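Before any comments, here is the structure.
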Amino acid sequence: MRSDSLAFRLIAGAALWSVIALVAGGLILSAIFRNSTERSFDARLSVLLHSLIATTEVNDDGEIERQGGLSETRFDLVYSGWYWQIWPVAPRAAVRSRSLFDQSLDLSPADETVRSDVGLKVFDTVGPENQPLRVVERRLTLPGYDVPVSFAVAGDRSEMNAEIQSFNTWVFAAMGAMGAGLLIALLIQVRFGLRPLERVRGSLAQIRSGRATKLEGRFPAEIQPLADELNGLLEGNREVIERARTHVGNLAHALKTPLSVLTNEARNHDGAFGETVTRMTGQMREQIDHHLARARMAASANVLGAHTPVEPVLERLALALERIYEESGITVELDCPDEAGFRGETQDLEEVAGNLLDNACKWANRRVRVTVIPNAATLKARPFFCLRVEDDGPGLPEDARAAVMKRGTRLDESKPGSGLGLSIVTEIAELYGGEVKLDKSPLGGLRADLYLPAAAG
């Protein structure tokens, strides 16, 4: 998936916001659970604190003493993590649980939370053996005791911390699994949602390769207007080309008739004037034919959906040329894959292939070899096939190969022709975005490589 694709943007954007939402949700759930667990733990400590206060009194000697025990048995185990302490503010002996042994609770922490509604002070501190403790403290004045007394109950918060940690682990594991599920769902949703665009791309590729003439099928409501507009554009393009062809034919007919009249009139006049008019009208006719043919080829080269199978055209040309050059004993060997296709019109392929094969048959001794190489090159981001024509004739020197590509150039007058064949092939190839290359053939003669746009078979 490319980073600049629409699918990547949709998935990345949705994934980013999903991650943010899941992380925020996990943090909120963790904070809520932590707060709820701490409040429950504090409520338990408060109950024990109230029991401690209720079972404490001042005796006849003015000393603080305890009556009865608390329900938590861990107060009797040394350094169990559960402690209570009664500490007079004045310098008198403190009363402690057995679990504190020879230690005392630190009741002056830096971080504390005071609940003014019930007069309790709740805070965290460190107890014996560096135990993390949660402390609930309350200061009261007892009857018969002249100084305020601090009542404190502490519980080991490691159990609470472990419970919170376990909850966080499960929460973020669940969030991770949910995130993975959402990501998979996003991938499926984006792929499914963008599938109509893939169909549009595939249809356009078929149109470009000549296998279709318009976008087929039904599309979602959001894409159907685009498909309709594209079909309208394709139809409009075909109509413009057809009108251009009609105008070209009309122009050719309109010009050739006056030229024929001028030619006939010039033949009736002897002398230099008649010869000049005849020669000029011949050149005009040739130029008109040439440029009208170029206009027709330029229009057909841009027709979307044009598709011509290559093998039938070459078979017809090979059969015809073998009959024409039967007295010379010329044999045309053809090697063309069945799926080879030309993204253009049949008459253009016949013209370029016919010129190359005819030129090869003129100069060959006995043998002409025609080979079609699919996907031989990529020009202008499009696939091109190669039509290779070789002969076993005398060949052509390297310095003369560029010259024969020029219009009207003939290096040997012994063979019939006008010298226009290779130039016409070059012009048609260029109109289709291709090219022609000449080289020495393994057969001994000339090898011509013609590159034309390929169409799907």
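The values are calculated or read from the model by the stated rules, or taken from the named source; none is laboratory data. Since we're looking at a predicted model, the values are computed, not measured. Methodologically, a virtual Cβ is constructed for each residue, glycine included, from the backbone with ideal geometry; neighbour enumeration extends over all protein chains shown. The protein model used for the area step is the full one, side chains on, heavy atoms only, and it has no ligands, DNA or RNA in it. Shrake-Rupley method; radii C 1.70, N 1.55, O 1.52, S 1.80 Å.
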key: Computed over segment 308-377, Kirkwood Rh from alpha-carbon pairs, angstrom   = 12.5
ask   = What's the angle, to the nearest 10 degrees (0 to 90), between helix 346-363's Cα axis and the longest principal axis of the chain?
value = 60
task = Obtain the nm distance between the two label points defined at Glu198 and Trp170 by a simple spin-label model: each point lies 7 Å from its Cα along the Cα-to-C-beta direction.
result = 4.0
remark   = Summed over the other residues with a beta carbon less than 12 angstrom from that of Pro128, with K and R at +1 and D and E at -1, the charge totals -3
query = Ignoring ligands, DNA and RNA, what percent of the 1.4 Å accessible area of the chain is carbon and sulfur?
reply = 55
inquiry  = Let me spell out the model: positive unit charges on the Cβ of Lys and Arg, negative unit charges on the Cβ of Asp and Glu, origin at the Cα centre of segment 1-96. What dipole size does that give, in debye rounded to 20?
reply    = 800
query = For the chain, what is the accessible area per residue in Å² when the probe is 1.4 Å?
reply = 56
task = Name all residues of segment 185-201 having a backbone nitrogen under 20 Å from the label point set 7 Å from the Cα of Arg218 along its Cα→Cβ direction, giving them as ranges.
result = 192-201
query = Helix 310-324 sits at what angle to the longest principal axis of the chain, using alpha carbons and giving 0 to 90 degrees rounded to 10?
reply = 20
Contact order normalised by residue count of the chain, Cα under 8 Å, 6+ apart, percent = 10
inquiry  = Report the gain in length on full extension from Asn268 to Val47: 0.36 nm times residue separation, minus Cα-Cα distance, nm rounded to one decimal.
reply    = 66.1 nm
note = Note: Glu286 to Leu187 extended length (0.36 nm per residue) minus current alpha-carbon separation gives 29.4 nm
key: Interchain or long-range residues, amide H under 5 Å from Glu57's placed H   = Glu65, Gln67
Inter-label distance for Ala12 and Asn130, nm, one decimal - labels placed 7 Å from Cα along Cα-to-Cβ = 4.7
request  = For the chain, find the longest principal axis of its Cα atoms and tell me its angle to the long axis of helix 272-301, 0 to 90°, nearest 10.
outcome  = 30
